[in-house]
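Q: Starting off with a structure, shown below.
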Amino acid sequence: MSQFIQQVINGLSLGSIYALIALGYTMVYGVLKLINFAHSEVFMVGAYSGFYAATFLGIDALDQSGQSFPLYLALVVLIVAMLVSATLGMTIERLAYRPLRNAPRLTPLITAIGMSLLLQNLGMLIFTPNPRRYPPILREVRFDFGGVIVTNIKLTIFAVAMALMVGLWFLVNRTWTGRAMRAVSMNLDAARLMGIDPDRTIGKTFAIGSALAAAGGILFGLDQITINPTMGTLTGLKAFVAAVLGGIGNIPGAALGGLLIGLSEQLVAGYISPDYRDAITFLILIVILILRPEGILGVVRQEKV
Amino acid sequence: MTLLALSAVEKVFGGLRAIGGVSLAVEPGQIFGLIGPNGAGKTTIFNVVTGVYRPDGGRVTFDGEDISGWLPAKVAARGIARTFQNIRLFRSMTVEQNVMVAGFRIHKAGLLSAIVRNRRYHDDEREFSRRAAELLDIFKLRELAGEPAASLPYGSQRRLEIARALMLSPKLLLLDEPAAGMNSQEARALVEQIRFLRDELGLTVVLVEHNMSVVMSVCEQIHVVDHGETIAEGPPEQIREHPKVLAAYLGEESEAQAVKDYEAVSRPSHERPEEPDA
């Protein structure tokens, strides 16, 4: 039993990282009907921005002198990374996708793959391909609840992710920006004739999704200890599966899908074999595409004849 | 002063001349009908006016300003609102939310206000939901305010589109086949509602419509296009009798036959209720 609880806790923590990244895929899909494959690189750049911000703020010196990194500095690192990624996301949209707004849907999709490869290789050039040890923004503290080990890092990951998702819910449902985003995703033509500028709204959607991915990047670094320029590939793909599982274009669906993917990965790793932890995600993808292609919370679309 | 003027407006798609030099003038406070057979270019004219298409020639002037080639959001903000031939509601939003969205360009409460939920935010929300309620009252949708838009019957969806357009506080309202899919009772109510908009809210209305009883009873001036060109313009009595109009609608048949068939043909089959967009 304690092993099960242990795996569930680890799974929820990992899943909340996937959820944060999946939100960006699903939001962009909502407004543009585009799978933004470059999103996994935005996640990677977010992690590196956090890495450099923490280094710049002198985390190594603090660490060596045995002091812990103050909480407000951790917050600064998070905000810097979110801003860098938001800017990157908006730049990608402006340069690579906006000129193709009226092109056939396949064109921006190929562009997205190209953008992903470009950013990943730029990452190797700029950050070097060597894995980096992630700075200890949080000093690990272990709590033992009758055999179940909970670290403050796992708890923080889960809490930060949940706080950001609540914030996103608020933004989407309670602000004019969110109202405009929902309007654009439901009907772009009607939205612009109701006075909503679709380009600005799409730009904001990229910014918000990218900022969430950056937060995911920092939490990933905290959790996995090392980062490298290709870290986005597998994690981004899993987050994408999470978005499809929840119902692509559906915001609560992405959050739910992320948690489910994280849970299933941990449970498979714990009970079957760690070798299958990546395979289970893609098995889920195949099963969901066969049984319920619109996803758990997705709406069945009727084809108009 | 003329509110909306098109002068020699052209729109070409590939080799096809969708509109070939249409000029028309809509006076403030008018209810203006734009009619013509299927494919005559009526909706294209709406799309050029609202900025969905950029005209390939000619000029669109609104309220003394040249608005040719403006982006749709800017045209909407300038005071032209419209509805669509195939209904385009925000389907999973509620009826009330659909109307509220159109308040986007005039909202005052920014992100910060929404976060701290200050007075400005609440004033804004209260003001918009009050206006939305008023509009829903006019169109008899108040009781349905909390329902998802997609669940409404077809005729109510059409009325909701008009209510949403009015949230923009436009000077000019373009209605693209508002009576399509409505039964005769609903159509009669629509005529009353259009008159109300003009008489009580001071709106100018341009109407594209195939239901001739609606057009003839509500419009004061009618402009007829066929194959992208003007074939007639005048008050309803004149248009009803106009030989070119009858010929355009009925082909080369004799005029006696034309008059006989008039009622039947003036309601083409495509008007039957369709399933709303998926």
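Q: Given the options B:Tyr53, B:Gln85, B:Phe32, identify the residue whose Cα lies farthest towards the positive end of the charge dipole of chain B (+1 on Cβ of Lys, Arg; -1 on Cβ of Asp, Glu).
A: Going by the Cα projections, it comes out as B:Tyr53.
Q: Please give the FRET efficiency for A:Asn121 paired with A:Ile225, using the beta carbon to beta carbon distance and R0 = 30 Å, rounded to the nearest 0.05.
A: Efficiency at R0 = 30 Å is approximately 0.80.
Q: Taking H placed 1.01 Å from N in the peptide plane, check which residues at least 5 places from B:Cys219 or on another chain put their amide H under 5 Å from its amide H.
A: none
Q: Compute the distance from the alpha-carbon center of the range A:236-305 to that of the range A:170-184, in whole Å.
A: Using only Cα atoms to place each centre, the spacing works out to 26 Å.
Q: Here's something else I'd like to know. Which whole-number percentage describes the relative contact order of chain B, with Cα contacts under 8 Å and a sequence gap of 6 or more?
A: About 25 percent, as a whole number.
Q: Quick one: Kirkwood hydrodynamic radius for the range A:170-305, alpha-carbon pairs, angstrom, one decimal?
A: Across the range A:170-305, the inverse of the average 1/r is 16.9 Å.
Q: Now for a different question. Rg to Rh for the range B:91-169: what is it, with Cα atoms only and Rh by Kirkwood?
A: Rg divided by Rh gives 1.01.
Q: Once the dipole of the range A:146-305 is set up with Lys and Arg at +1 and Asp and Glu at -1 on Cβ about the Cα centre, which of A:Ala180, A:Thr230, A:Thr151 lies farthest towards its positive end?
A: Of the candidates, A:Ala180 comes out farthest on the positive side.
Q: Rounded, prolate or oblate: pick one for the range A:84-140, where a ≥ b ≥ c are the square roots of the eigenvalues of its C-alpha gyration tensor, a/c under 1.5 means rounded, and failing that, prolate if a/b is larger than b/c, else oblate.
A: prolate
Q: State, to one decimal in nm, how far the label point of A:Asp278 lies from the label point of A:Ser68, with both points 7 Å from Cα in the Cβ direction.
A: Calculated label separation equals 3.4 nm.
Q: Moving on to the next point. For A:Trp169, A:Trp176, B:Trp70, what's the fewest-to-most ordering of other Cβ within 10 Å of each Cβ?
A: A:Trp169, B:Trp70, A:Trp176
Q: Hey, how many Å between the Cα centroid of the range B:5-84 and the Cα centroid of the range B:152-192?
A: 20
Q: Please determine, in degrees from 0 to 90 and to the nearest 10, the orientation of helix A:277-291 with respect to the longest principal axis defined by the Cα atoms of chain A, where the helix direction is its Cα long axis.
A: 30
Q: Give me a single rounded figure for A:194-203: the average over its residues of other chain Cβ atoms within 10 Å of their Cβ.
A: Other-chain Cβ atoms within 10 Å of each residue's Cβ, averaged: 6.
Q: How would you rank A:Thr177, A:Thr201, A:Thr128, going from fewest to most other Cβ atoms within 10 Å of each one's own Cβ?
A: Listed from fewest to most nearby Cβ atoms, that is A:Thr128, A:Thr177, A:Thr201.
Q: Average partner chain C-beta neighbours within 10 Å, per residue of A:174-181?
A: Shielding by partners across A:174-181 averages 6.
Q: Which percent, to the nearest 5, of DSSP beta bridges fully inside the protein assembly as shown are antiparallel?
A: Percentage antiparallel, nearest 5: 65.
Q: Place the peptides B:237-247, A:60-70, B:164-174 in order of packing, highest mean first, counting for every residue the other Cβ atoms within 10 Å and averaging per peptide.
A: For the peptides B:237-247, A:60-70, B:164-174, the packing ranking is B:164-174, B:237-247, A:60-70.
Q: Another question, if that's okay. Would you mind working out the magnitude of the charge dipole of the protein assembly as shown relative to its Cα centre, with +1 at each Lys and Arg C-beta and -1 at each Asp and Glu C-beta, to the nearest 20 Debye?
A: Dipole about the Cα centre, nearest 20: 1600 debye.
Q: Further question: With a point put 7 Å past each Cα toward its Cβ, work out how far B:Arg120 is from B:Met1 in nm, to one decimal.
A: 3.2
Q: Among B:Ala102, B:Leu141, B:Gln157, whose Cα sits farthest toward the positive end of the charge dipole of the range B:91-169 (+1 at Cβ of Lys/Arg, -1 at Cβ of Asp/Glu, about the Cα centre)?
A: Comparing the listed Cα positions along the dipole, B:Ala102 ranks first.
Q: Find the relative contact order for the range B:29-92 and round it to a whole percent, using C-alpha pairs within less than 8 Å whose residues are 6+ positions apart.
A: Computed over the range B:29-92, the figure is 25 percent.
Q: Can I ask one more? Can you give me the relative contact order of the range B:91-169 as a percent, contacts being Cα pairs under 8 Å and 6 or more apart?
A: After rounding, I find 51 percent.
Q: Ok, one more. Let me know the charge dipole size of the range B:91-169 about its Cα centre in debye, to the nearest 20, where only the beta-carbon of Lys, Arg (+1) and Asp, Glu (-1) is charged.
A: That gives a dipole near 180 debye.
Q: About its Cα centre, how strong a charge dipole does chain A have in debye, to the nearest 20, once Lys and Arg get +1 and Asp and Glu get -1 at the Cβ?
A: Computed charge dipole of chain A: roughly 800 debye.
Q: Sort A:181-193, A:241-253 by the packing proxy (mean of other Cβ within 10 Å over each peptide's residues), most packed first.
A: Ranked by mean Cβ neighbours within 10 Å, highest first: A:241-253, A:181-193.
Q: Further, regarding this structure: Considering just Cα atoms, how many Å³ per residue does the convex hull of the range B:1-110 enclose?
A: Value for the range B:1-110: 148 Å³ per residue.
Q: If you don't mind, there's one more thing I want to ask. Please give the contour-minus-distance gain from B:Asn183 to B:Thr94: 0.36 nm per residue of separation, less the Cα-Cα distance, rounded to one decimal in nm.
A: 29.6 nm
Q: Within the set A:Lys204/B:Lys171; A:Lys33/A:Lys204; A:Lys33/B:Lys74; A:Lys154/A:Lys204; B:Lys42/B:Lys140, which residue pairs have Cα atoms separated by over 22 Å?
A: A:Lys204/B:Lys171; A:Lys33/B:Lys74; A:Lys154/A:Lys204; B:Lys42/B:Lys140
Q: Once you put a point 7 Å from the Cα of B:Thr61 and another 7 Å from the Cα of A:Val299, both along the Cβ direction, what distance in nm separates them?
A: Label at B:Thr61, label at A:Val299, 4.4 nm between them.
Q: Assuming a viscosity of 1.567 mPa s and a temperature of 4 °C, what translational diffusion coefficient in µm² per second does Stokes-Einstein assign to the range A:29-72, Rh being the Kirkwood radius over Cα pairs?
A: Here the translational diffusion coefficient equals 101 µm²/s.
Q: Please say if the protein assembly as shown is rounded, prolate or oblate, where rounded means a/c under 1.5 for a ≥ b ≥ c the square roots of the C-alpha gyration tensor eigenvalues, and otherwise the choice is prolate for a/b larger than b/c and oblate otherwise?
A: Cα axes put the protein assembly as shown in the prolate bin.
Q: On C-alpha positions alone, give me the angle between the axis of helix B:119-138 and the longest principal axis of chain B, in degrees, nearest 10.
A: 30
Q: In whole angstrom, and with the biggest value first, how far do the Cα coordinates of chain A range along each principal axis?
A: 63, 43, 37
Q: Looking at the square roots a ≥ b ≥ c of the eigenvalues of the Cα gyration tensor of the range A:1-156, which shape do they give, rounded for a/c under 1.5, prolate if a/b is larger than b/c, or oblate?
A: Because a/c hits 1.5 or more and a/b fails to exceed b/c, the range A:1-156 counts as oblate.
Laboratory data are not the source of any read-out in this text; all were calculated from the coordinates shown. Bear in mind that the values here come from a model prediction, so they are computed numbers and not experimental data. When we count neighbours, we look across all protein chains shown, and the Cβ atoms used for this are built from the backbone with ideal geometry, even at glycine.
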